[in-house]
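The values are calculated or read from the model by the stated rules, or taken from the named source; none is laboratory data. Values in this document were obtained by computation on a predicted structure and should not be read as measured data. Methodologically, a virtual Cβ is constructed for each residue, glycine included, from the backbone with ideal geometry; neighbour enumeration extends over all protein chains shown.
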Amino acid sequence: MTLRLMQGSEAVADAAILAGCRFFAGYPMLPFTELLEQMSRKLPTAGGVCINAETEIEAVNMALGAAATGARSATGSCGQGIALMQEAVAECALNELPVVFFNMARGQQDYFQCTRGGGWGDYRTITLAPKDIPEAVEHTQLLFHLADQYRTPVILLGDYVIAHTHVGVDVQRREYGPLPAKEWALDGSMSGTGQAREIWTWARGKPNTPGPGPNVHWQDLAEKYRAIDAAEARWEADVPEGTEVVVVSFGTTAAFVDYVVEDLRAEGVPIGSFRPVTLWPFPGEALAEATAGCRRILVYELNAGQMVDDVRIHAADRRAIRSIGGVSQDSSGMRQGDLLDADVLRTRIMQAIEEGD
Amino acid sequence: MSVRRGEREVLFTGVGGQGIQICSRTLATAATDEGRYAMLSARYAGGMRGGMTNAEVTVGIAPLRALPVASSAWSAFAMSAEHWETIRPRLRPSAVIVFNSSLMEAPGGVDDAQPFGVPASDMAAELGNPMTASFVLLGGFAALTGIVTIAGLVAAMRRLIPAYRTEHLAANEMAIVAGADAVPELAAPAWSAAETAGSGAEPAGSPVEPVRQA
Amino acid sequence: MPTIVPTSAPPVVPSQQVAEAAPSLMQSQEHELCPGCGHPVAWRLVLECMEELDIAARSIIIVGHGCYTQMMRLSDLDSLQCLHGRAPAVGTGVKRMLPDAAVFTLQGDGDMVSEGLAEVLHAAARGERITSLLFNNGVFGDTGGHMTASTVLGQRTKTSLEGREPGAHGYPVDVSRLLAQLDGAAYVARGAVNTPGMIARTKRMIHRAMELQLAGAGFTFVEVLTMCPTGWFVPTPGGPQYLEDSMMATYGIGELKTPD
């Protein structure tokens, strides 16, 4: 394994290209901008197209169009820009178009935006939240596979730290198995044959090939997302026998939890950690199982309390649950602030343990 | 907070334009190219010149447990004193402090600190390339600590300088070497004998294996 | 040069009522549009041009939201229905991935000139090699007859009941004129379908736009003024004349930009 010092944005770009991404469009917005710069530099050499779109809305709709032709297509922004794209996210879902969204979030962990979404209708976005750059490289490739496998938009939730930190990485291609051909993709070849293809959220079809219509189509989609929910949850649990306190976190904050938990455990504190790797599907059953024997769950997320809702849904009946994170911005407004700190986290954990239920 | 054995943190501070970003990146690149594990985080204000510019590099002999925000650090690299206070509280007792004595006195507020002043700005001016001052200090830092080799530093610098600035390669190299020559070699070694033996030994206290769903 | 038709024998091609000569690229003609609607007339011209240029087998259409969306459903063309206003952006993604396809976007004036002005201007500025079509009847027909950015002064709609008046509602936007100023736009033309003469002239514009897309000349655009007697509160047979008096009088007909 040969390590090369790379910025997270560059590593993610390389991973996307290795995964076969051939279309990327974006609008500059920190801390997503470097990913756009890297794709602009590298994608054409790989035979792809990268467009610096004039607006986020145009970027996502370009990506949607590219996906409709069967190409592996992606876009992204930070949470603010993703907010602008929400209608198109829903459109991708209801059209069953695979598009990968890179959310390089600013200081706030936008869990709700990824898991509850802001588009209309009933859809979900498979969301992976890497805790460090090597995992972001793996998740990027997995997301292109899952998007195609399930014909759905998907999200990589990164942040300033993942985008801007440099670390020694070895970006290698990963294989996830064969996928069916994209018979549904548009290329004009069925035009004039009497069997022309149609991609439409209302799925009415054409006179020769009638579709199920919106009611049945959207019920079918709801069923598809239920199936994904049952099959694709991923998590990491470090809860040895005798654990009394479990800290739940995701993304970059989870790296801080790992660090502090290791120290505290070495000092004899009966503490463990649980990390949803997919934010959706949320690994609720695994969380409930992992924390079955413990007395207290502490949720460390840098927002006003979002994932804690899902923790409560799945583990509230038995255990005391407490948020130990909070809103934290640094002075630039681009990244997390002082709460992203191992000492602060340690203090809050010990305080929560001392204060009891 | 426990100390991760086998990992060394360097906190950089200066003022925009003094070369903090290129030097921290050069150090991290050199460490990676020499087979070590490195992480680099940078924090800088909006302006290209004159604002606060900090960076942190962590180098390790094994895959890093370190976080992108280091709670405590083994050393400091200071080009000027303006923003010293943003890194001082995180330096551990006996921290190695390598500073640009042309622009600042030995900074205080760290117990049992090991300060090493290098007149980097003056030396760079004498060499005819005032802009290479930070590379002078970087050469000094590397020679004092042995955190990376001088040859490795030079090679990394050559790779990182953009194509449109190659006229600076020779001057930067001169600065690195001059800085290295100006300090007592390995006066504050980064690595212990066991660590430099290159056995790749795991740091003491192995972490619990996490359970991971495929 | 006049063609001399031989009359010594019956014609080879049997005669046929015009209404029966449906373009083969329609799977059905069972549309639900109002009597007097200009959209089907305009769309037919598009399909005829595709057949004449023999490009159906690589044609993809991207259609916005409006009464004309039905044209997509009835057409035997690989189709994508997209978000209101976004068709030129979607078309960009399609064409960049399939440079040899013939890519067409179809929008109404509400879709393009109200919601999607940025998209079409930017696609034209970038010189995207797609053909964007605007069926402009100066009103949001599908929602029941509301004002769009194209609605002409004096036009009565449900959101301008006394007629559009500058003080209250501002002025209409001439999107063809805006597009003609952009270097990336290779061909910009405005036609109409209210008279046979206009229909023939508009068909030539559509034909030219398609040819230029295939030649890789850049962004091509045809705006077609169409009748909407329902949305205009005008009796059905009065549609064509009303179009001439209101929309043609405001916007004018012709090629606003050509490559030469």
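Points to keep in mind about this one:
- Qualifying helices (runs of 4 or more DSSP H) (wholly inside the stretch C:166-260; at least 1 residues being among the aliphatic types (A, V, I, L, M)): C:166-169, C:175-180, C:196-214, C:239-243
- Number of residues in the stretch B:117-154 that are in a helix (DSSP H, G or I) and surrounded by fewer than 18 Cβ atoms within 10 Å (Cβ to Cβ) equals 6.
- Residues of the stretch A:183-218 satisfying the condition of being at positive phi, at the interface with chain C (Cβ under 7 Å from one of its Cβ atoms) and touching a helix residue (DSSP H, G or I) at 6+ places or on another chain (Cβ under 8 Å): A:Gly188, A:Gly192
- Test: residue in the stretch A:79-88 that is part of a helix (DSSP H, G or I), within 11 Å of chain C (Cβ to nearest Cβ) and under 15 Å from A:Gly26 (Cβ atoms): yes
- Unmet requirement for C:Pro23, which otherwise passes all of (1) surrounded by 10 or more Cβ atoms within 10 Å (Cβ to Cβ); (2) modelled with pLDDT of 85 or more: (2)
- Odd one out for A:Thr55, checked against (1) facing another protein chain (nearest Cβ under 7 Å); (2) within 20 Å of A:Tyr150 (Cα to Cα): (2)
- Pick from the stretch C:67-97, criterion more than 7 Å from chain A (Cβ to nearest Cβ) and touching a His at 6+ places or on another chain (Cβ under 8 Å), ranking: surrounded by the fewest Cβ atoms within 10 Å (Cβ to Cβ): C:His84
- Qualifying residue in the stretch A:287-310 (condition: within 14 Å of another protein chain (Cβ to nearest Cβ), in contact with a Lys or Arg (Cβ under 9 Å, 6 or more places away or on another chain), surrounded by 15 or more Cβ atoms within 10 Å (Cβ to Cβ) and farther than 22 Å from B:Ala66 by Cα): yes
- Top-ranked residue of the stretch C:48-66 - restricted to ones that are hydrophobic (A, V, I, L, M, F, W, C) and surrounded by fewer than 24 Cβ atoms within 10 Å (Cβ to Cβ), ranked as nearest to the other protein chains (Cβ to nearest Cβ): C:Ala56
- Here A:Ala237 clears all of (1) under 27 Å from A:Asp132 (Cα atoms); (2) of a type outside the set (Asp, Glu); (3) in a loop (DSSP other than H, G, I, E, B) except the condition numbered (3).
- Flag if C:Leu106 is closer than 27 Å to C:His122 by Cα, out of contact with any Cys (no Cβ under 8 Å at 6 or more places or on another chain), more than 10 Å from chain A (Cβ to nearest Cβ) and not hydroxyl-bearing (Ser, Thr, Tyr): yes
- Test: residue in the stretch A:235-249 that is aliphatic (A, V, I, L, M), within 14 Å of chain C (Cβ to nearest Cβ) and more than 18 Å from the chain's Cα centre (by Cα): no
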